[in-house]
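What follows is a single structure, written as structure tokens, with notes after it.
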Amino acid sequence: MKSKNVKTEKAKPPSLADRLDAFFFNVAELALFTGRFFKSFLKPPYEFSQLMKQSFIVGNNSLSLVGVTAFIIGLVFTMQSKPTLARFGAESWLPAMIAVSMIREIVPVITALICAGKVGSGIGAELASMRVTEQIDAMEVAGAKPFHYLIVTRILSTTLMLPILVIFADAIALFGSYVGVNIQGGNTSLVLFYTDAMHAVDYIDLLPAFIKTFFFGFAIGLVGCYQGYNSNSGTEGVGKSANSSVVIASLLIFIIDLIAVQITTVFEK
């Protein structure tokens, strides 16, 4: 028997126009999803018990990782900066420099990225698996209002918990910096170190850094919920939703941080 040669046509990669269409379509869908969230947020029922549960999950799952990362960042940043400042005789400025840089920029962004990778991906995968197994459809049929129960509570939990995690990480990062100072031959007390560090921090350093963490948390929860709630690619979509949640949330964190820096600069003038 003669074997027949079967020619298989390779799928053409999407063109630039197709990519732009998909991008703007996703942006529009995300904007509508955001509007639906605010509309549902203001209407009952208010799922306080589920909100507390999700807030505990977000905080408990991220607390240890955030704490260890903040301690290492403070320790390493201090050990790298101290020799450079010593060359110029400005070693006494080390606590102030560490405090301002950690509180204003490094700790909020790093903590948000950690939560995007851990919490955002978890939310996206969880909701995508519920969509694939038709649990969300069953809730809609039963009239349980899954958007209130699943989406609103998760977005609010990430929005409220990320600032708390950042405050915790700030304290741990400064303690790591204190350890770094004393490892390299220093003899500074903990009270003196924190006094010198916080003396250099002003309200213009604290308020913008604190306020933007709410937007970081909102972006993480919003993207994770959007990707998971709208997953429609079967079991393969679970992995795609988790991956997309991390990538898009991380990008939004940098964009929000850039905008916050520009606004802060205007008020500082």
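The values are calculated or read from the model by the stated rules, or taken from the named source; none is laboratory data. Not measured: the values here are computed from a predicted model. Neighbour counts are summed over all protein chains in view; Cβ atoms, including those assigned to glycine, are modelled from backbone coordinates with ideal geometry. What goes into the accessible areas is simple: the full protein's heavy atoms, side chains included, and nothing from ligands, DNA or RNA. Shrake-Rupley method; radii C 1.70, N 1.55, O 1.52, S 1.80 Å.
Brief remarks follow.
- Within the range 163-187, the set of residues being in a helix (DSSP H, G or I) and at positive phi is empty.
- For Ser231, the conditions (1) closer than 30 Å to Pro45 by Cβ; (2) in a helix (DSSP H, G or I) are fulfilled apart from (2).
- Phe88 passes every criterion in (1) within 22 Å of Ala260 (Cα to Cα); (2) free of Cβ contacts under 8 Å to residues at least 40 places away in the same chain apart from (1).
- Filter pass, Gly239 being open to solvent by 40 Å² or more (accessible area, probe 1.4 Å), modelled with pLDDT under 90 and touching a helix residue (DSSP H, G or I) at 6+ places or on another chain (Cβ under 9 Å): yes
- The residues on offer are Ile263, Ile211, Ile256, and the sole one that is open to solvent by less than 60 Å² (accessible area, probe 1.4 Å) and within 22 Å of the chain's Cα centre (by Cα) is Ile256.
- Of all residues in the range 195-233, those that are farther than 18 Å from Pro163 by Cβ, of a type in the set (Ser, Thr, Tyr) and without any contact (Cβ under 8 Å) to a residue 12 or more places away in the chain total 2.
- In the range 222-236, the residues that are among the β-branched types (Val, Ile, Thr) and either open to solvent by less than 40 Å² (accessible area, probe 1.4 Å) or modelled with pLDDT of 90 or more (or both): Val223
- Selection status of Ser245, small (Gly, Ala, Ser) and modelled with pLDDT under 90: no
- Residue that is surrounded by the most Cβ atoms within 10 Å (Cβ to Cβ) [pool: residues in the range 35-53 that are assigned to a helix (DSSP H, G or I) and of a type in the set (Phe, Trp, Tyr)]: Phe37
- Of the helices (runs of 4 or more DSSP H) lying entirely inside the range 106-162, those containing at least 1 residues that are among the basic types (Lys, Arg) and either free of Cβ contacts under 8 Å to residues at least 40 places away in the same chain or open to solvent by 10 Å² or more (accessible area, probe 1.4 Å) (or both) span 121-132.
- Picking from residues in the range 54-82 that are open to solvent by 60 Å² or more (accessible area, probe 1.4 Å) and without any contact (Cβ under 8 Å) to a residue 60 or more places away in the chain, the one that is nearest to Asn182 (Cα to Cα) is Gln80.
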